[in-house]
Amino acid sequence: VHYKVTGQQAQPTFLLLHGFAASVFSWREVMPPLGQYGIVIAYDRPGFGLTSRPLPGEWSGDSPYGIDAQVELVIALLDKFGVNKAILVGNSAGGTIAALTALRHPARVQALILVDAAVYRSGNAPWYLPLMTTPQGRQIGPLIARQIKDWGLDFGKSAWHDPSKITPEIWAGYTQPLQVENWDRGLWEFTAASKPTELASSLKKIGVPTLVITGDDDRGVPTQQSIQLARDL
């Protein structure tokens with residue numbers, strides 16, 4: 001697992017979970033300010049960034065790209081750093097993992113900060129995914145995943161209120177992980193491991209303090225969904 005750490009005080013601990021097709025690079029302007037209040041740990045979620053991408057046959061049991069494994073990875077990271085409780089900061093799909101962790105491991109979560117959390121549409125796997133986990137499908141899947149290079153810039157622009165502020169340096173930071181070996185196969189394994197979660201129907205069971213953040217021009221996760229999330233919590 002590739003991660004970065006900043007901050008000087010031991011408490012509190014912030015663990016940052018990025019969204020789809022992102023990485024620790026997403027948090028570059030967030031980590032220093034948060035580091036004034038405690039320890040900040042950002043990591044590349046499985047299938048993204050510089051975290052290793054195991055392929056079928058290299059693991060036993062459930063896929064390390066799946067929702068369940070990703071929740072357990074959060075706990076494993078806290079254990080690695082000797083953290084009893086952390087404030088989980090999740091963006092988009094990372095917000096789903098953060099909230100699920102609070103639901104399943106409430107004793108390990110001090111609070112949640114959900115930034116445009118993709119709670120109401122996360123893990124909805126397309127109908128064809130069972131076919132794509134066959135040996136033949138796993139040959140075709142990476143070809144589909146590689147199309148992100150074609151539509152990626154448009155996707156990135158849609159996440160910015162003012163796309164003109166995306167400099168070549170910033171775009172290079174976002175796309176650097178697309179040069180990692182097996183990035184396309186890892187992305188497909190992540191997609192193939194997607195499944196619905198119980199989160200949307202279980203929000204009232206989350207008992208930790210939660211801050212929901214959105215913008216009035218949020219197109220990735222519509223603003224109204226974050227308002228609904230706050231109400232449901």
Handout entry: Filtered residue count, region 184-233, keeping only those that are more than 23 Å from TRP160 (Cβ to Cβ) and not small (Gly, Ala, Ser)
Key = 22
Handout entry: Test result for LEU143, at pLDDT below 70 and either within 17 Å of the chain's Cα centre (by Cα) or closer than 26 Å to VAL1 by Cα (or both)
Key = yes
Problem - Output for region 156-196, where each listed residue is without any contact (Cβ under 8 Å) to a residue 60 or more places away in the chain, polar (S, T, N, Q) and assigned to a loop (DSSP other than H, G, I, E, B) - result: THR167
Problem - Single condition VAL119 does not satisfy, out of (1) in contact (Cβ under 8 Å) with a residue 60 or more places away in the chain; (2) out of contact with any Asp or Glu (no Cβ under 9 Å at 6 or more places or on another chain); (3) of a type in the set (Val, Ile, Thr) - result: (2)
Problem - Single residue of region 73-91 satisfying the filter (of a type outside the set (Gly, Ala, Ser) and in a loop (DSSP other than H, G, I, E, B)) that is nearest to TYR3 (Cα to Cα) - result: PHE81
Handout entry: Residue within region 96-106 that is in a strand (DSSP E or B) and modelled with pLDDT of 80 or more present
Key = no
Exercise for the section: Evaluate region 219-226: report whether one residue or more is at pLDDT 95 or above and assigned to a loop (DSSP other than H, G, I, E, B). Expected result: no
Completion exercise
Taking region 60-116 and the residues there that are among the hydroxyl-bearing types (Ser, Thr, Tyr) and open to solvent by less than 50 Å² (accessible area, probe 1.4 Å), the one that is nearest to PRO46 (Cα to Cα) would be TYR65
Handout entry: First in region 20-46 and within 29 Å of TRP188 (Cα to Cα) and open to solvent by less than 20 Å² (accessible area, probe 1.4 Å), second anywhere and part of a loop (DSSP other than H, G, I, E, B) and of a type in the set (Asp, Glu), Cβ under 6 Å, 6 or more apart
Key = SER23/ASP44; VAL24/ASP44
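The values are calculated or read from the model by the stated rules, or taken from the named source; none is laboratory data. None of the values given here were measured: they were computed from a predicted structure. Because the Cβ atoms are built from the backbone with ideal geometry, glycine has one as well, and the counts that use them run over all protein chains shown. Note: areas computed on protein heavy atoms with side chains; ligands, DNA, RNA excluded. Shrake-Rupley method; radii C 1.70, N 1.55, O 1.52, S 1.80 Å.
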